[in-house]
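Structure provided below as C-alpha cells; questions to follow.
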Amino acid sequence: MSRDPLAVIDTDLLPHIGMLSNIGAILWSVGAGISFFSYVVFYDINEVTNRHFLLYSCLFTLLVLTDDLFMLHDIILPQFFQIKEDYLYLLYLALMGIYLFRFRSLHLKSKYILLILAITCFAFSIFVDQQFQGRWHPARHFVEDGFKFMGIAFWTSYLFNISRTYALRQKEI
C-alpha cells in the first residue's frame, strides 16, 4: 500500500511505465491547487460568484483526480460496488453541465477555447475507451490516454488562466 508500484512489480520493466498517468495526476493536482489557492485569496474579496466558481472548479478537479489516480471508474467501483462505468460518466457529464450552465457568464468572459479543448479531448478519450472496450488494439491505450492527458493539460491551463485573469483584475483595482 505504501510502496511505489514500480518497486513492487517486475523489475525488468522500464521505469517509464505509468509516467503519463503520473504526470496527469500531477497536473490534476496543480489545477485543484490553483483553484483552491485562488478561492482562498478571493474569500476576503466580495466576489462571491468568482469564489464559488473557483471552489467548484477545485472540488470537481479533486473528484476526477481521485477517480483517475485510484482508477475508481475502471476497477474499484465496478468490481467492488457493482457501479457501472457508464453511470460515473453520466455523473461527470451532469456535474460538467451544471458547471458550464451555472458559471456560463464567467466562461464566456474567459479564454474558453481551453475549456472547449479540454472537454473535447475528454470526450474523445471516453469515446475511444467505449469503442474498444474488451477489444485489443495496438493504439487503443496510446490514443485514449493521449486524449485524456491533453484534456487534463487544457483543463489545468484553463484553471490557471482564469485564476491569473482574476488576480490581474484585482491588482488593477
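The values are calculated or read from the model by the stated rules, or taken from the named source; none is laboratory data. Note that the coordinates shown come from a computational prediction; the quantities given were computed from them, not determined experimentally. Neighbour counts run over all protein chains shown; Cβ positions are idealised from the backbone, glycine included.
Within the bounds of region 106-113, is there any residue that is assigned to a helix (DSSP H, G or I) and closer than 30 Å to residue 139 by Cβ?
Yes, some residue in region 106-113 is assigned to a helix (DSSP H, G or I) and closer than 30 Å to residue 139 by Cβ.
Tell me, which residue of region 52-62 that is among the aromatic types (Phe, Trp, Tyr) and either over 21 Å from residue 83 (Cβ atoms) or in contact with a Pro (Cβ under 6 Å, 6 or more places away or on another chain) (or both) is surrounded by the most Cβ atoms within 10 Å (Cβ to Cβ)?
53
Which of the residues that make up region 109-165 are more than 30 Å from residue 41 (Cβ to Cβ), among the polar types (S, T, N, Q) and surrounded by 15 or more Cβ atoms within 10 Å (Cβ to Cβ)?
Residue satisfying the conditions is 125 alone.
Under the condition of being surrounded by 13 or more Cβ atoms within 10 Å (Cβ to Cβ) and hydrophobic (A, V, I, L, M, F, W, C), which residue from region 97-108 is nearest to the chain's Cα centre (by Cα)?
Per the criteria, the residue is 100.
Return the pairs, sorted by first residue and then second, in which the second residue is acidic (Asp, Glu) and assigned to a helix (DSSP H, G or I), the first residue lies in region 120-145 and is within 21 Å of residue 93 (Cα to Cα) and in contact (Cβ under 8 Å) with a residue 24 or more places away in the chain, the beta carbons are less than 6 Å apart, and the residues are 6+ apart or on different chains.
125/144
Moving to a separate point now. Give the residue, chosen from 65, 77, that is at pLDDT 95 or above, of a type in the set (A, V, I, L, M, F, W, C) and surrounded by 12 or more Cβ atoms within 10 Å (Cβ to Cβ). Spell out how you get there, then give the answer.
Values: 77 fails: at pLDDT 95 or above.
After applying the criteria, what remains is 65.
Now a separate question. Quick check on region 117-173: of everything there that is part of a loop (DSSP other than H, G, I, E, B) and small (Gly, Ala, Ser), which residue is nearest to residue 85 (Cα to Cα)?
134
Against the definition (surrounded by 18 or more Cβ atoms within 10 Å (Cβ to Cβ), in contact (Cβ under 8 Å) with a residue 24 or more places away in the chain and among the aromatic types (Phe, Trp, Tyr)), how does residue 37 come out, yes or no? Give the derivation first.
On the way: surrounded by 18 or more Cβ atoms within 10 Å (Cβ to Cβ): no; in contact (Cβ under 8 Å) with a residue 24 or more places away in the chain: yes; among the aromatic types (Phe, Trp, Tyr): yes.
So residue 37 fails the test.
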